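> Quick one: the structure is below, and I'll ask about it shortly.
The values are calculated or read from the model by the stated rules, or taken from the named source; none is laboratory data. Model, not experiment: these values are computed from the prediction. Heads up, the Cβs are rebuilt from the backbone with ideal geometry, glycines too, and the neighbour counts pull from every protein chain shown. For the accessible areas, the whole protein counts, side chains as well, though only heavy atoms, and no ligand, DNA or RNA atoms are used. Shrake-Rupley method; radii C 1.70, N 1.55, O 1.52, S 1.80 Å.
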Amino acid sequence: MILVLLFATLLSCDPALTALFTPPRPGLGRYEVCTTTDPLVEVAAAGPRFGPIEVLEPFDAFGAAGSYDRAALARLYAGTRVRVARGWMADVDRFESVTLLSPYPDAMLTRLLPGTMVIRWTTAVRR
């Protein structure tokens, strides 16, 4: 539980990024997109269990669920790839899927920022 609290305090959450990069009305759970100036490797070390860091094309990294402008994202990254780590956390009453992305776009899709974007999907666990 301490790791979960530490992980949460490192982040600044942004409703505009959440609206851009997550489904508008998920059928289950809720999404939250947060950012930090910390490098992806440091965020992954402080958080839940993460798989290896992958280097992906922007569309593979951000997926197709969000409402973001795909052409603007392609222009923004202009051949640059995204470093991505995926992980999860489970607690007694909830499950979280976490995706880390770096570099990440600002909410206007006009510049890439050097820190880490954290996309979290959280759902309650019923036993």
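> How much net charge surrounds residue 82 when only other residues with a Cβ under 15 Å from its Cβ are counted (Lys, Arg +1; Asp, Glu -1)?
+2
> If I compute solvent accessible area with a 1.4 Å probe over the protein chains, what percent of it on region 71-111 is carbon and sulfur?
On region 71-111, the fraction of accessible area on carbon and sulfur atoms equals 55 percent.
> Among 53, 119, what's the order by accessible area (1.4 angstrom probe), most exposed first?
53, 119
> Another question, if that's okay. Could you give me the ³J(HN,Hα) list for region 86-101, computed from phi with Karplus coefficients 6.51, -1.76, 1.60 and θ = phi - 60°, whole Hz, x at Gly and Pro?
10, x, 7, 9, 10, 10, 4, 10, 8, 10, 10, 9, 10, 10, 9, 9
> At 1.4 Å probe size, put 60, 106 in order of accessible surface, largest to smallest.
Reading off the accessible areas and sorting them downward yields 60, 106.
> Let me ask something else about it. Which length gain, in nm to one decimal place, applies between residue 123 and residue 67 when the Cα-Cα distance is subtracted from 0.36 nm times their residue separation?
Stretched fully, the residue 123-residue 67 segment lengthens by 18.0 nm.
> Follow-up question, since we're still on this one. Suppose the chain between residue 107 and residue 41 were pulled fully straight at 0.36 nm per residue; how much longer would it get relative to their current alpha carbon spacing?
21.5 nm
> Using only the Cα atoms of region 24-80, build the gyration tensor, take square roots of its eigenvalues as a ≥ b ≥ c, and label the shape rounded, prolate or oblate: rounded if a/c is under 1.5, else prolate if a/b is larger than b/c, else oblate.
Note, shape of region 24-80 comes out oblate.
> With a probe of 1.4 Å, find how much accessible area the chain has per residue, and write the answer as a whole number in Å².
I get 56 Å² per residue for the chain.
> With the Cα gyration tensor of region 76-121 giving a ≥ b ≥ c as the square roots of its eigenvalues, does the rule (a/c under 1.5 for rounded; else a/b larger than b/c for prolate; else oblate) give rounded, prolate or oblate?
Prolate, because a/c is 1.5 or more and a/b exceeds b/c.
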